[in-house]
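The values are calculated or read from the model by the stated rules, or taken from the named source; none is laboratory data. Just so you know, these numbers come straight off a predicted model, no measurement behind them. No Cβ is skipped: glycine too gets one built from the backbone with ideal geometry, and neighbour counts run over all protein chains shown. Ligands, DNA and RNA are excluded from the accessible area calculation, which covers all protein heavy atoms including side chains. Shrake-Rupley method; radii C 1.70, N 1.55, O 1.52, S 1.80 Å.
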Amino acid sequence: MVLVLFLYLSLFTWNLRTGYVDRLATHTGLEFVGAVLKPGKWLRLQVVEFWDHYIDLVGVRKRNDELEAQMREILFAVAGAKEDQAELARLRELLSIAPPTGWERIGARVIAHRLGSQAELESVLLDKGYLDGASVHTPVVAYDGAVGRVFRAGPYTSSVLLLTDPNSRIAVLSQDNRTPGIIVGLGPRHQLEMRYVSLNAPLAVGELLVTSGQAGAFPKGLPVARIVSIEYSDISLFQKVMAEPLTNLENLEEVLLVGNTAEVQPFEEKPHDSRQEADD
Amino acid sequence: MQNQQPSALRSVLWWLVYAVCGVWGMSLLPGVDFLLPGVLCSMQEGNRQQTLWLVVLFSLVHEGAGLLAFGPAVLWYAMAALLFQVGRSIFEAENVVFVLLFSMGLGVWHVALGIMMRHLQDLVILLPRLLVSGALNAVCIPVVWVVVHFLRQRELRHVNPS
């Protein structure tokens, strides 16, 4: 038993240093799970789409009229937004601020929630891997807000750590007051906590929290959560800020992977010629 | 159950179908290891080579699909093997009482393993969810084992009609 524990801890430490066994498990186990689940999910999708598009058509005409009315309103809003966008570009140029780097969006389907016996962490599996652009740490968003980030990526399947998991940390800013903080998950069906907000920092209930874009992990300005309560403590240096995630993470079906397509300029190291220096 | 084993190809196909069903089971009921009852059946058959292959492949499935650093699945199956060896010295290996005690032991080990990984990998793992997963494993493993054992016996009878 002692020998087995010794061997296990040796393997564990070696893997933490090299990551070989994790990569092996990702390329075999995770891909096998993906290959097993994807056909079934595809079949289910086809059946549901057939039902929705060809059989269950009650109320489609009414819904169509509603959507047309909404579209007309949106066209007005887009026209206004285009003006704002043009003004923003002019102001940025004026202030010599570099625009945000390019971010590419890739659609992905959720093929499983919390799979396996190690399902204590809040996670989902996606049908896209690093060959499709889902590399480790790639931000994952839904149409209404942030979801989490890719934790492990195989060639065609990846796993995502959701923002409601207690191990998730995302740097955010409050949209109106620009107060920074870190959003931390507290578990499933729980609110999120915004930590490290000093007592005198301005914040308001109902304010939207957006990604700060620091360290390039997430694109700047992505909605994450909305503040639902703020408490001030006499014994703490920080406010206790609770927020509600904008996305319903329990029923995720489709998500977007947000890959940074900005070209990173490699650091060009000049050849160090000591003789030349000596000559100079 | 010391019968003649099916051919290698037939075995591979049988276990492949089982693994596919197991993965779908795990996607429907998170936290429960639907692959372990197969390993238990293989241990009961006394086929060590087959058991070893199954443990390696199923460990890779768990480690690949999970978010923890490598290790928990290896310790999970190692404890299953240890419990089986210890239990077999007291009970008949295919006794239902033995399987119930075996799954209860694994349910407790699931919780202990989670707590161990929480400290070893410096993670936050919520205890209530860990307890629920442990209880689910303790309940579901014998149920799945009954089904897999029945199917496996039918498969072996097909190979050994006498």
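Please compute, for peptide B:19-29, the average count of beta-carbon atoms on other protein chains lying within 10 Å of each residue's beta-carbon.
Taking the mean over all residues of the peptide, I get 5.
Starting at the first residue of segment B:110-120, write each ³J(HN,Hα) from the Karplus equation 6.51 cos²θ - 1.76 cosθ + 1.60 with θ = phi - 60°, in whole Hz, x for Gly and Pro.
Going residue by residue, I get 4, 5, 4, 5, x, 5, 4, 5, 4, 7, 5 Hz, with x marking Gly and Pro.
Suppose we flag GluC sites (Glu not before Pro) only when DSSP calls them loop and at most 12 other Cβ atoms lie within 10 Å. Which is the longest uninterrupted stretch of chain A?
My reading of the result: A:1-252 is the longest stretch.
Can you send over the carbon and sulfur percentage of the accessible area for segment B:8-159, probe radius 1.4 Å, protein chains only?
Whole-percent figure for carbon plus sulfur exposure: 75.
Mind jotting down the three principal axis lengths of segment B:52-140 based on Cα atoms? Whole angstrom, largest first.
Its Cα atoms span 40, 30, 20 Å along the three principal axes.
Along the charge dipole of the protein assembly as shown, Cβ charges K/R +1 and D/E -1, which of A:A146, A:A204, A:P219 sits furthest on the positive end?
So the residue furthest toward the plus end is A:A146.
If R₀ is 30 angstrom, what is the calculated FRET efficiency for the pair A:L237 and B:L120, using the beta carbon separation as r and rounding to 0.05?
0.45
With the contact rule set at Cα under 8 Å and sequence spacing of 6 or more, what percent relative contact order holds for segment A:127-169?
Relative contact order of segment A:127-169: 36 percent.
Whole Å is fine, so just give me how far the alpha carbon centre of segment A:199-227 lies from that of segment A:151-174.
Using only Cα atoms, the two centres lie 17 Å from each other.
For A:D22, A:D165, B:D122, what's the largest-to-smallest order of accessible area, 1.4 Å probe?
B:D122, A:D22, A:D165
What dipole magnitude, in Debye to the nearest 20, does segment B:1-130 give about its Cα centre under +1 on Lys/Arg Cβ and -1 on Asp/Glu Cβ?
With Lys and Arg at +1 and Asp and Glu at -1, about 60 debye.
Once amide H atoms are built 1.01 Å from N in the peptide plane, which residues 5 or more positions from A:T157, or in another chain, come under 5 Å H to H?
Sorted by chain and number, the residues that satisfy this are A:G129, A:Y130.
Let me have the relative contact order for segment A:103-260, percent, based on Cα pairs under 8 Å that are six or more residues apart.
Over segment A:103-260, the number comes to 25 percent.
Considering chain A as a Gaussian network with a 10 Å cut-off on Cα pairs, which listed residue, A:V205, A:V33, A:V184, attains the greatest mean-square fluctuation?
Of A:V205, A:V33, A:V184, the most mobile in the Gaussian network model is A:V205.
How big is D for chain A, in µm² s⁻¹ as a whole number, if Stokes-Einstein is applied with the Kirkwood radius of its Cα pairs at 10 °C and 1.306 mPa s?
The calculation lands on 70 µm²/s.
Using the Kirkwood radius built from alpha carbon pairs, what does the Stokes-Einstein equation give as D for segment B:8-159 at 20 °C and 1.002 mPa s, in µm² per second?
It diffuses with D of about 136 µm²/s by this estimate.
I'm checking a number: the convex hull volume of the Cα atoms of segment A:1-79, normalised per residue, in Å³. What is it?
It comes to 222 Å³ per residue, whole-number rounded.
Could you tell me what percent of the accessible area of chain A is made up of carbon and sulfur, with a 1.4 Å probe and every protein chain present?
Looking at chain A in its full context, I get 58 percent from C and S.
So if we plug the beta-carbon distance of B:L127 and A:Y143 into 1/(1 + (r/R0)^6) with R0 = 41 Å, what FRET efficiency do we get, rounded to 0.05?
0.75
So, for segment B:33-162, what is the accessible surface per residue at a probe of 1.4 Å, expressed in square angstrom?
44
List the residues, sorted by chain then number, that are 5 or more residues from A:V147 or on another chain and whose placed amide H is less than 5 Å from its amide H.
Residues meeting the amide H criterion: A:V140, A:V141, A:A142.
Which one, B:F102, B:C21, B:L151, is farthest towards the positive end of the dipole of segment B:8-159 when Lys and Arg carry +1 and Asp and Glu -1 on their Cβ?
Of the options given, the answer is B:L151.
Could you name the lysines whose alpha carbon sits less than 26 Å from that of A:K128, not counting residues in the same chain fewer than 8 places away?
The reachable lysines, counting only those whose Cα sits under 26 Å from A:K128, are A:K38, A:K41, A:K220.
Once A and B are treated as a pair rather than alone, how much accessible area drops out, both sides summed, in Å² to 100, probe 1.4 Å?
Heavy-atom accessible area buried at this interface is about 3600 Å².
Please list B:W76, A:W14 from largest to smallest accessible area, probe radius 1.4 Å, with all protein chains kept in place.
Per-residue accessible area, sorted high to low, gives A:W14, B:W76.
Take every residue in peptide B:54-63, count the Cβ atoms of other chains within 10 Å of its Cβ, and give the average of those counts.
Taking all residues of B:54-63 together, the mean is 5.
Give me the dipole magnitude in Debye, nearest 20, for segment A:103-260 about the Cα centre, with unit charges on the beta carbon: positive for Lys and Arg, negative for Asp and Glu.
Charge dipole of segment A:103-260: 320 debye, to the nearest 20.
For a label point 7 angstrom out from the Cα of B:V17 toward its Cβ, which stretches of segment B:115-158 have the backbone nitrogen within less than 17 Å?
Taking a point 7 Å out along Cα→Cβ of B:V17, the residues of segment B:115-158 whose backbone N falls under 17 Å are B:147-158.
Could you list which residues have their amide H under 5 Å from that of A:I170, counting only those 5 or more apart in sequence or on another chain, with H placed in the peptide plane?
Close amide H contacts, sequence-distant or interchain: A:I183.
In debye to the nearest 20, how big a dipole does the protein assembly as shown give about its Cα centre with +1 on each Lys and Arg Cβ and -1 on each Asp and Glu Cβ?
With Lys and Arg at +1 and Asp and Glu at -1, about 1360 debye.
Relative contact order for chain A using alpha-carbon pairs under 8 Å, separation at least 6, rounded to a whole percent?
Relative contact order comes out at 16 percent.
Give the Cα extents of segment A:103-260 along the principal axes, in whole Å, largest first.
So the extents along the principal axes, rounded to whole Å, are 50, 34, 22.
Which value, in Å² and to the nearest 10, is the accessible area of A:T13 when all protein chains are kept and the probe is 1.4 Å?
Accessible area, nearest 10 Å²: 80 Å².
With helices defined as uninterrupted DSSP H runs, which ones in chain A have an alpha carbon span along their own long axis of at least 27 Å and mean Kyte-Doolittle hydropathy of at least -1.0?
A:31-50, A:60-95
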